[in-house]
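The values are calculated or read from the model by the stated rules, or taken from the named source; none is laboratory data. No experiment lies behind these values; they were computed from the predicted model shown. Cβ: placed from backbone, ideal geometry, glycine included. Neighbour counts: every protein chain shown. Accessible surface is based on the protein model in full, side chains and every heavy atom, while ligands, DNA and RNA are left aside. Shrake-Rupley method; radii C 1.70, N 1.55, O 1.52, S 1.80 Å.
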Amino acid sequence: MREKSRKKWILLCDGGILFAGLILALGLGLWGQGMESRIGLGAALLCAAGAGADLLWRAGGGKASRAGKEPFGGEKTPGKDSPFAVRELVLLNEENKPLKSWELLGKTALIIGKKNQDEEVDVDLGGCAYGAFIEPQHAVLNFSGERWFLEDISEENGVRVKKAEDGMNYRLSGRPCEVGAGDVIYIANTRLLLT
């Protein structure tokens with residue numbers, strides 16, 4: 001569904017909920033008696049207030065959007081707004097000079113490995129000096145909650161990360177590791193810098 005059409009449907013649904021909630025509240029307020037009608041009146045007013053607030057928020061362009069979300073529930077582009085965001089994955093040579101890079105802005109996941117006839121990868125390290133030790137699908141970078149996470153999906157050779165904040169090398173074992181700008185990923189002694 002197109003975004004414009006989706007927005008119209010959301011506004012229409014909010015309007016319908018607001019209208020139905022107000023009519024129900026009016027009916028219960030005028031003709032209802034007892035505890036059940038008071039509870040129903042409260043629920044109807046709550047639904048109407050929520051729909052009205054959502055309508056006002058959306059009509060104002062959603063300026064006060066929730067953290068990590070754009071208006072109408074669309075995800076933010078990964079790393080777009082933060083000055084410390086990871087923007088690139090850079091392959092380094094032995095002298096720390098960049099050989100190749102992959103853009104991360106707008107991406108949500110990248111498979112790192114070695115391209116072959118059966119599997120495609122986003123970051124192909126097959127032509128590197130240590131390419132023989134790199135598995136077809138060796139690691140994956142995932143964007144979630146405004147952060148990047150690295151996961152080792154290899155069977156034999158593993159993945160290490162040198163963290164920028166403490167300079168220590170960590171071997172990934174069984175769970176994703178949060179990574180950020182300045183961290184270096186080691187895949188079979190092939191070095192990838194996050195910038």
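Taken over the range 12-31, the criterion of being over 21 Å from ARG58 (Cβ atoms) and surrounded by fewer than 17 Cβ atoms within 10 Å (Cβ to Cβ) is satisfied by ILE23, LEU26, GLY27, GLY29, LEU30, TRP31.
The set of residues from the range 114-134 being within 17 Å of SER101 (Cα to Cα), touching a residue at least 24 places away in the same chain (Cβ under 8 Å) and of a type in the set (Val, Ile, Thr) comprises just one member, VAL123.
Out of the residues in the range 153-175 meeting the condition of being of a type outside the set (Gly, Ala, Ser) and farther than 14 Å from TYR186 by Cβ, tell me which one is nearest to the chain's Cα centre (by Cα).
Filtering the range 153-175 down to residues of a type outside the set (Gly, Ala, Ser) leaves 153, 155-157, 159-163, 165-166, 168-172, 175.
Those still in the list that are farther than 14 Å from TYR186 by Cβ too: 153, 155-156, 165-166, 175.
Values: ILE153: 20, GLU155: 26, GLU156: 29, GLU165: 23, ASP166: 26, ARG175: 18 Å.
Within the range 153-175, the match that is nearest to the chain's Cα centre (by Cα) is ARG175.
Candidates GLY73, GLY62: the one that is closer than 30 Å to GLU103 by Cα, surrounded by 14 or more Cβ atoms within 10 Å (Cβ to Cβ) and modelled with pLDDT under 70 is GLY62. Of all residues in the range 32-44, those satisfying the criterion of being in a helix (DSSP H, G or I) and open to solvent by less than 90 Å² (accessible area, probe 1.4 Å) are GLY34, SER37, GLY40, LEU41, GLY42, ALA43, ALA44.
Among residues of the range 166-195 that are on the phi < 0 side of the Ramachandran plot and in contact (Cβ under 8 Å) with a residue 40 or more places away in the chain, those with a Cβ under 6 angstrom from a residue that is open to solvent by 50 Å² or more (accessible area, probe 1.4 Å) and assigned to a strand (DSSP E or B), sequence gap 6+ or separate chain, pair up as VAL184/LYS162; THR195/GLU88. So, of the residues in the range 144-195 that are open to solvent by 70 Å² or more (accessible area, probe 1.4 Å) and assigned to a strand (DSSP E or B), which turns out to be nearest to ASN96 (Cα to Cα)? The extreme case among them is LYS162. Taking the range 135-148 as the range and being touching a residue at least 24 places away in the same chain (Cβ under 8 Å) and either more than 21 Å from GLY180 (Cα to Cα) or aliphatic (A, V, I, L, M) (or both) as the test, the residues that pass are GLN137, ALA139, VAL140, LEU141.
Could you say which residue among LEU110, LEU125 is surrounded by 13 or more Cβ atoms within 10 Å (Cβ to Cβ), closer than 16 Å to LEU92 by Cα and aliphatic (A, V, I, L, M)? I'd like the intermediate steps shown before the answer.
Details: LEU110 fails: closer than 16 Å to LEU92 by Cα.
The unique qualifying residue is LEU125.
Screening ILE112 on (1) hydrophobic (A, V, I, L, M, F, W, C); (2) more than 14 Å from LEU194 (Cβ to Cβ); (3) modelled with pLDDT of 95 or more shows it passes everything except condition (2).
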